[in-house]
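Enquirer: Dropping the structure in here first, questions after.
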Amino acid sequence: MKKAASVLALAAGLAVLPASAQFAANSFYAGFGVGRGNLNASGQDLTGLSNASVGDSSTTYTARAGWRFSPYFAVEAGYYDLGEYDFQGGLGAATVSGTAKAKSVGLSLVGIAPLSPAFDLYARIGVEQSEMKLNASTNLTPGNGNFADKQTGATYGVGGRWYFTRNVGLFAEWMKNDKIEVDSYLVGIDFRF
């Protein structure tokens, strides 16, 4: 029985070695992606107007770079353009319309489950600085009003990555920030160095 347990432990250790060896020389990576963002806030939440409506989806972008310091963990810095969302509402005789643009920068710890040398799943959790910029105008006054709200909060997400060459891979990811209520669904490409 002890011999069988020892053989199983040795086999498990040897299964991890190829992943460890593969990432020893390729520990830094950078990538970018594009996708769809879904705003999970009502028009009233966004503008304070009880009858406001808001467009709830937009194109999102990301650029990121990281250091994979083991086969199972990485530290990653990322920029996320979380999209631009149109809104419109009324206040008495005034019609208010405009856009809300969301973005964030963050630092995450990424936990990685290498399923094969070419495919892994990952989950991230970290801290982010988010900003929501509102640009609004009314039919009663000339010009635009601008407002920006910056907040620090948590960022998290899950994804998968397939390396179709030794140093180039495709990823698909869902990510969310605590303070800006946008679910981002992204696809992109990563490069290992």
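Enquirer: Is there a residue in region 117-134 that is closer than 28 Å to residue 52 by Cα and among the hydrophobic types (A, V, I, L, M, F, W, C)?
Expert: The answer is yes, given that some residue of region 117-134 is closer than 28 Å to residue 52 by Cα and among the hydrophobic types (A, V, I, L, M, F, W, C).
Enquirer: Among the residues of region 155-190, which ones are hydrophobic (A, V, I, L, M, F, W, C), over 20 Å from residue 84 (Cβ atoms) and either at pLDDT below 95 or not in a strand (DSSP E or B) (or both)?
Expert: Within region 155-190, 164 is the sole residue that qualifies.
Enquirer: Another one. Would you confirm, using the coordinates I've provided, whether residue 147 is within 30 Å of residue 93 (Cα to Cα), open to solvent by 40 Å² or more (accessible area, probe 1.4 Å) and in contact with a strand residue (DSSP E or B) (Cβ under 7 Å, 6 or more places away or on another chain)?
Expert: Details: within 30 Å of residue 93 (Cα to Cα): yes; open to solvent by 40 Å² or more (accessible area, probe 1.4 Å): yes; in contact with a strand residue (DSSP E or B) (Cβ under 7 Å, 6 or more places away or on another chain): yes.
Against the criterion (within 30 Å of residue 93 (Cα to Cα), open to solvent by 40 Å² or more (accessible area, probe 1.4 Å) and in contact with a strand residue (DSSP E or B) (Cβ under 7 Å, 6 or more places away or on another chain)), residue 147 qualifies.
Enquirer: Now for a separate question. Considering 123, 113, which residue is surrounded by fewer than 16 Cβ atoms within 10 Å (Cβ to Cβ) and either within 13 Å of the chain's Cα centre (by Cα) or under 21 Å from residue 36 (Cα atoms) (or both)? Full working, then the answer.
Expert: Numbers: 113 fails: either within 13 Å of the chain's Cα centre (by Cα) or under 21 Å from residue 36 (Cα atoms) (or both).
Going through 123, 113 in turn, the sole match is 123.
Enquirer: Just a yes or no: is a residue in region 6-15 open to solvent by less than 70 Å² (accessible area, probe 1.4 Å) and modelled with pLDDT of 85 or more?
Expert: Within region 6-15, none of the residues are open to solvent by less than 70 Å² (accessible area, probe 1.4 Å) and modelled with pLDDT of 85 or more.
Enquirer: Among the residues of region 157-169, which ones are open to solvent by 70 Å² or more (accessible area, probe 1.4 Å) and among the hydroxyl-bearing types (Ser, Thr, Tyr)? So that I can check it myself, show each step before the final result.
Expert: Of all residues in region 157-169, those open to solvent by 70 Å² or more (accessible area, probe 1.4 Å) come to 158, 162, 164, 166.
If the condition is that a residue be open to solvent by 70 Å² or more (accessible area, probe 1.4 Å) and among the hydroxyl-bearing types (Ser, Thr, Tyr), then no residue fits.
Enquirer: Another question, then. Can you report the number of residues in region 61-95 which are of a type outside the set (Gly, Ala, Ser) and either buried (at least 20 other Cβ atoms within 10 Å of the Cβ) or assigned to a loop (DSSP other than H, G, I, E, B) (or both)?
Expert: Looking only at region 61-95, we keep the residues that are of a type outside the set (Gly, Ala, Ser), and these are 61-62, 64, 67-69, 71-73, 75-76, 79-82, 84-88, 91, 95.
Then drop every residue that is not either buried (at least 20 other Cβ atoms within 10 Å of the Cβ) or assigned to a loop (DSSP other than H, G, I, E, B) (or both), which leaves 62, 64, 68-69, 71-72, 76, 80, 82, 85, 87.
Adding up the residues that qualify gives 11.
Enquirer: Any residue at all in region 99-116 that is modelled with pLDDT under 90 and in a strand (DSSP E or B)? So that I can check it myself, show each step before the final result.
Expert: Step one: filter region 99-116 for residues modelled with pLDDT under 90, giving 99-100.
The next check asks that each one be in a strand (DSSP E or B); those that pass are 99-100.
Yes: region 99-116 contains one or more residues that are modelled with pLDDT under 90 and in a strand (DSSP E or B).
Enquirer: Right, here's the next one. Taking region 170-179 as the search range and keeping residues that are in contact (Cβ under 8 Å) with a residue 40 or more places away in the chain and open to solvent by less than 60 Å² (accessible area, probe 1.4 Å), which one is nearest to residue 32 (Cα to Cα)? Step through it out loud before you land on a result.
Expert: Taking region 170-179 and keeping what is in contact (Cβ under 8 Å) with a residue 40 or more places away in the chain, we get 171, 173, 175, 177-179.
Those still in the list that are open to solvent by less than 60 Å² (accessible area, probe 1.4 Å) too: 171, 173, 175, 177.
Details: 171: 9, 173: 12, 175: 14, 177: 18 Å.
My answer is 171.
The values are calculated or read from the model by the stated rules, or taken from the named source; none is laboratory data. This is a predicted model, so every value here is computed, not measured. Please note: Cβ atoms are built from the backbone with ideal geometry, for glycine as well, and neighbour counts cover all protein chains shown. Accessible surface areas use protein heavy atoms only, side chains included; no ligands, DNA or RNA. Shrake-Rupley method; radii C 1.70, N 1.55, O 1.52, S 1.80 Å.
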